[in-house]
Amino acid sequence: MKNLYVLLAVILLTSCSSIRVNYDYEKTRDFTQYKTYNYFSDVNTGMSELDSKRLFKAFDDAMQSKGYALSQTPDFLVDIKSAEFQQARNNNVGVGVGGGGRNAGGGISIGLPLGQSQLGREIVFDFVDESNNQLFWQAISESNYKPNASPEKREANFVALVEKVLKGFPPETK
């Protein structure tokens, strides 16, 4: 029985998913032309006002560290949208019972879900060229979301998320 508890603990500890990001971009775009950015005037992140402020601060700090400047006359505009979703439980433990004898056997097996369902959050970052209003780069992130996390943990989560999102900008083009 002790081994079962150890196995359950290992599964629970390794089941925490990290931030996943998918990128898409226009392959023929010259990304060196972009130096300044701003946000769409009607950007609606779908988050609380406090979380939106945390996300914008993390984004602005990361963009500045990459050499981009927030400007009233930007080269491109950024739109950020998010949605929460219930993540499916993908961990379970199989329990089996079997027996047999005298050329006959039988068994039964069931899967028991581990833990509770978690909330996830998808955040989409769209970069749109200011001069022609065309989307040229996009990142879609998915991560766990804890609505009761402390403000410090929320801020740290946004910093980590933005860091991973902007790892793909500008893309390495040939």
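The values are calculated or read from the model by the stated rules, or taken from the named source; none is laboratory data. Predicted model, so just to flag it, every value in this text is computed and none were measured. Cβ: placed from backbone, ideal geometry, glycine included. Neighbour counts: every protein chain shown. Note: areas computed on protein heavy atoms with side chains; ligands, DNA, RNA excluded. Shrake-Rupley method; radii C 1.70, N 1.55, O 1.52, S 1.80 Å.
Remarks
- Cross-link pairs K57/K153; K57/K164; K27/K53 - those with Cα-Cα distance over 20 Å: K27/K53
- Ratio Rg/Rh, restricted to region 22-62 and using Cα atoms, in which Rh is the Kirkwood radius: 1.05
- In Å², nearest 10: area of I80 left accessible to a 1.4 Å probe: 0 Å²
- Other residues lying with their Cβ under 12 Å from the Cβ of D61 contribute a combined charge of 0, Lys and Arg counting +1, Asp and Glu -1.
- At most 15 other Cβ within 10 Å, DSSP loop - GluC sites (Glu not before Pro), region 114-156: none
- Distant-in-sequence amide H partners of G120 (H built 1.01 Å from N, under 5 Å): F85, Q86, Q87, Y145
- Here the 3J(HN,Hα) profile of region 76-84, calculated from phi with Karplus coefficients 6.51, -1.76 and 1.60 at θ = phi - 60°, is 8, 10, 10, 10, 10, 10, 9, 8, 9 Hz, Gly and Pro shown as x.
- Ordered from longest to shortest, the equivalent ellipsoid semi-axes for region 126-174 are 28, 13, 9 Å, each the square root of 5 times a Cα gyration tensor eigenvalue.
- Segment S150..K164, full-extension length gain: 2.9 nm, with 0.36 nm per residue of separation and the alpha-carbon distance subtracted.
- Rounded accessible area of L70 (nearest 10 Å², 1.4 Å probe): 100 Å²
- Interchain or long-range residues, amide H under 5 Å from T36's placed H: A69, D75, F76
- Summed residue charge, Cβ within 12 Å of R154's Cβ, Lys/Arg positive, Asp/Glu negative: +3
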